[in-house]
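Read the structure below first, then the notes.
The values are calculated or read from the model by the stated rules, or taken from the named source; none is laboratory data. All values reported here derive from a predicted model rather than from experimental measurement. Here the Cβ is made from the backbone with ideal geometry for all residues, glycine too, and neighbour counts use every protein chain on show. Heavy atoms of the whole protein, side chains included, go into the accessibility calculation; ligands, DNA and RNA do not. Shrake-Rupley method; radii C 1.70, N 1.55, O 1.52, S 1.80 Å.
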Amino acid sequence: MSDVGTKELRIVGFLCNWCSYGGADTAGVGRFKQPTDLRIIRVPCSGRVDPLFVVRALLTGADGVLVSGCHPRDCHYSEGNYYARRRLEMLRRLLQFMGIDEKRFHYTWVSASEGQKWQQVVTDFTKQVHELGPLHDKKEKAD
Ligand code: FES
């Protein structure tokens, strides 16, 4: 059962190893309460996230996808998150074109010390996906 009070949904999170994964770990170590719907996939950098990873996840069972990396100028590969930001903005438009509500996708920046921010991001995004409901029970039409 999800912490947001309804049946657990499938949310996939692509987290960069150096910042956001650390932030999620900080939240865990700090025992910050957070929803249990998120399944984390650790990637070396947000720049490693091919937009097709997100599309594939959404087409094959995920109800929502979250991508999180280092803050701008903090990427350990210097510009990976800048590339990610450009690609993920394009992806947002592609999702609308595919008929998937763009609210099912979110990207953000969380550092390793921001456990509290991580908790907030996960809680807010999970709530948003729960408001939309399961993706695969019904075919949705984007506005
Ligand atoms: Fe974290 Fe590039 S290493 S976004």
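Summary of computed values
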{"quantity": "Where trypsin sites (Lys or Arg not before Pro) fall in DSSP loop in the stretch 1-85, at most 11 other Cβ within 10 Å", "calculated": "K7, R31, K33, R73"}
{"quantity": "Label-point separation in nm, L132 to T6, each point 7 Å along Cα→Cβ", "calculated": "1.3"}
{"quantity": "Accessible-area composition of the stretch 64-133, carbon plus sulfur, in percent [1.4 Å probe]", "calculated": "49"}
{"quantity": "Table column - 3J(HN,Hα) (Hz), the stretch 24-40, Karplus curve with 6.51, -1.76, 1.60, x for Gly and Pro", "calculated": "5, 5, 4, 4, x, 5, x, 6, 6, 5, 8, x, 9, 6, 7, 10, 8"}
{"quantity": "Amide hydrogen neighbours beyond the local backbone of G13, cut-off 5 Å, H modeled", "calculated": "R39, I40, I41, L66"}
{"quantity": "Span from the the stretch 81-143 Cα centroid across to the the stretch 8-65 one, whole angstrom", "calculated": "11"}
{"quantity": "Placed amide H near T108: partners under 5 Å, 5+ positions off or other chain", "calculated": "V67, S68, G69"}
{"quantity": "Surface per residue (accessible, 1.4 Å probe) for the chain, Å²", "calculated": "56"}
{"quantity": "Per-residue [θ]222 nm for the chain (sum of -39500 (n - 2.57) over DSSP H runs n ≥ 4, rounded to 500)", "calculated": "-12500 deg cm²/dmol"}
{"quantity": "Low-density loop cleavage sites - GluC sites (Glu not before Pro) in the stretch 78-143, where at most 16 other Cβ are within 10 Å (DSSP)", "calculated": "E79, E140"}
{"quantity": "Q120 versus T36: modelled label distance in nm, points set 7 Å from Cα along the beta carbon direction", "calculated": "2.6"}
